[in-house]
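Here's the structure, in structure tokens; my notes come after.
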Amino acid sequence: MSFTINHVSLVGGNLVRDAEMKYTGGGTPVLNFDIAMNRSWRNRERGEIQEEVSYFKVNFWGKPAEGIQKYLSKGKKVAIEGRMQQRRWEGPDGKTNSIVEVVASSVILMGGLENNQGTNSQPQQQQNQQTTFSNNQPQPDFSAGSQSIPNQVAQAFGGEELTDADVPY
């Protein structure tokens, strides 16, 4: 038996469009959305800055998906943690189709809880906090002392708290 790890962390992606809530035949909620991730680097030959955008399809299942839906609007910045999954199906033309997507175990709102109507549901002192919605921890942390993204990542991987000096970006 071989050992594999299927773990994805995407930090700082922007929603391409508003998230869409659907329900399975059994009533399980699933939230579908797409994020864009930007990457830039310097071309070694010419010294020019190069840029590239990658797009990822994300599915977020369960009760936490219902709680976060109203906050996931086009342009919203998020961090995603989960796993990759490939789905295959046969189309009406008999052709086999496939897609690779991220199945999120947690979604972190970066920049507060501003909803689709442009209003912020948090008190003024909490507006710049990140809020996590997770299948492992269904209730989001709305407290003013919620952790920063680096500390959430450090805890997820069993590390100690980080300082700004520890983060390379």
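Only residues in region 1-21 that are in contact (Cβ under 8 Å) with a residue 24 or more places away in the chain count as the first member; pair them with residues that are exposed (fewer than 12 other Cβ atoms within 10 Å of the Cβ), Cβ under 8 angstrom, at least 6 apart or cross-chain, and list the lot.
Close Cβ pairs satisfying both conditions: Asn14/Gly75; Leu15/Gly75; Val16/Tyr55.
Applying the selection to region 67-76, what residues are in contact with a Leu (Cβ under 8 Å, 6 or more places away or on another chain), surrounded by 15 or more Cβ atoms within 10 Å (Cβ to Cβ) and not hydroxyl-bearing (Ser, Thr, Tyr)?
Pass one, region 67-76, residues in contact with a Leu (Cβ under 8 Å, 6 or more places away or on another chain): 68-69, 71-76.
From what's left, surrounded by 15 or more Cβ atoms within 10 Å (Cβ to Cβ): 68-69, 71-73, 76.
Scanning region 67-76 gives Ile68, Gln69, Leu72, Lys76.
With respect to the numbered conditions (1) loosely packed, with under 11 Cβ neighbours inside 10 Å; (2) farther than 16 Å from Arg87 by Cβ, which one is the sole condition not fulfilled by Pro64?
(1)
If you take just the strands (runs of 3 or more DSSP E) that sit entirely in region 1-104, which of them hold at least 1 residues that are polar (S, T, N, Q) and over 23 Å from Asn135 (Cβ atoms)?
Values: elements: 8-15, 20-23, 29-42, 49-61, 77-90.
The qualifying strands (runs of 3 or more DSSP E) are 29-42, 49-61.
Pick from Glu45, Glu20: which is modelled with pLDDT under 95, exposed (fewer than 15 other Cβ atoms within 10 Å of the Cβ) and out of contact with any Cys (no Cβ under 8 Å at 6 or more places or on another chain)?
Working: Glu20 fails: modelled with pLDDT under 95.
Only one candidate passes the filter, namely Glu45.
The values are calculated or read from the model by the stated rules, or taken from the named source; none is laboratory data. As the structure is a prediction and not an experimental result, all values here were calculated from the model. Glycine also receives a Cβ, built like all others from the backbone with ideal geometry; neighbour counts cover every protein chain displayed.
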